[in-house]
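I have placed the structure first, in the form of structure tokens, so that the comments after it can refer back to it.
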Amino acid sequence: MKHKFAVIGLGIFGNSIARTLAERGAEVVAIDNDEDHVEAIKDDVAYAVALDATDIRALEAQNIQDMDAVIVAIGEDFEALLITTANLQELNIKRVITRASNKQQRRILEKMGVQEILSPEGEVGKTVAERLLQPSIRTFLPLPDNYEIVEISTPPNIANRSLAKISLREKYNLNLITIKRFFEEMQDGKPTNVEHIIGVPKADTIIYPSDILILIGKKQDVKRFLDINR
């Protein structure tokens, strides 16, 4: 079953996200109020349309509610970005990811209750697309020869098992570099979860549900590992 995404705002950032998602087999609806932007991408996505995303009726007409996620990548008009995001919240979209160009914009979006906020300065379209297609992937670093280093949340099917039993290398052709683990510590008199690197994992190391795993392997092996164990 294909993933279905809408990308609103087709500047460099949004264009990169939309194209990468489409290249990875997702069904992508690309939206912008600039007809030239729409024309430039229409042959590379499932559907491209020029419309004003601040018009909630126009969004409804595109069946935006059927999307697995909607990415608001509007870059220059923050007012339009805010109104579009509010429209999507009103339409009860499953997952709304919104761009913030600076810390002030991020604070405003957080006040609106937006859970996923992108900062183009620290994100590239391919990284965002990877996270959308594989929600367990927190960050990833592409390497030559189709390898990548990924930081993933622990897949449910391997939680509370030892590395020896999971057989990452033998079964999935993956290597575990290290684990990020949260420990409760007192800070300013309050218990706080603090992230620590636990070093080089051993065969008897138990993977906990809250752990973050840092793996290296080929892209297709990472995908297979996540698909089997989610």
* Asked: What is the one condition in (1) touching a Ser or Thr at 6+ places or on another chain (Cβ under 8 Å); (2) at pLDDT 90 or above that residue 171 does not satisfy?
  -> (1)
* Structure fact -> The one condition residue 2 fails out of (1) outside any helix (DSSP H, G or I); (2) buried (at least 17 other Cβ atoms within 10 Å of the Cβ) is (2)
* Residue among 63, 15 that is within 23 Å of the chain's Cα centre (by Cα) and at pLDDT below 90 -> 15
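Quick grid of which residues meet (1) open to solvent by less than 70 Å² (accessible area, probe 1.4 Å); (2) of a type in the set (D, E, K, R); (3) assigned to a strand (DSSP E or B):
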| residue | (1), (2), (3) |
| --- | --- |
| 45 | yes, no, no |
| 48 | yes, no, yes |
| 53 | yes, no, no |
| 57 | no, yes, no |
| 60 | no, yes, no |
| 70 | yes, no, yes |
| 76 | no, yes, no |
| 80 | yes, no, no |
| 83 | yes, no, no |
* Name the single residue, out of those in region 199-230 being part of a loop (DSSP other than H, G, I, E, B) and open to solvent by less than 60 Å² (accessible area, probe 1.4 Å), that is nearest to residue 166 (Cα to Cα). => 205
* Residue check for residue 98: at pLDDT below 95, open to solvent by less than 20 Å² (accessible area, probe 1.4 Å) and not in a helix (DSSP H, G or I) -> yes
* Close pairs from region 32-53: first in contact (Cβ under 8 Å) with a residue 24 or more places away in the chain, partner buried (at least 16 other Cβ atoms within 10 Å of the Cβ) and acidic (Asp, Glu), Cβ under 7 Å, at least 6 apart -> 38/32; 46/27
* Within region 14-43, count every residue that is at negative phi and open to solvent by 20 Å² or more (accessible area, probe 1.4 Å). => 16
* Asked: Limited to region 165-179, what total is found for residues that are under 27 Å from the mean Cα position of the chain (by Cα), open to solvent by 40 Å² or more (accessible area, probe 1.4 Å) and on the phi < 0 side of the Ramachandran plot?
  -> 4
* For residues that are closer than 11 Å to residue 64 by Cα and part of a helix (DSSP H, G or I), tally how many sit in region 85-95. => 2
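The values are calculated or read from the model by the stated rules, or taken from the named source; none is laboratory data. Note that the structure is predicted; figures quoted are calculated from it, not measured. Counting neighbours? That spans all protein chains shown, and the Cβs are built from the backbone with ideal geometry, glycine included. Side chains included, ligands, DNA and RNA excluded: accessible areas come from the protein's heavy atoms. Shrake-Rupley method; radii C 1.70, N 1.55, O 1.52, S 1.80 Å.
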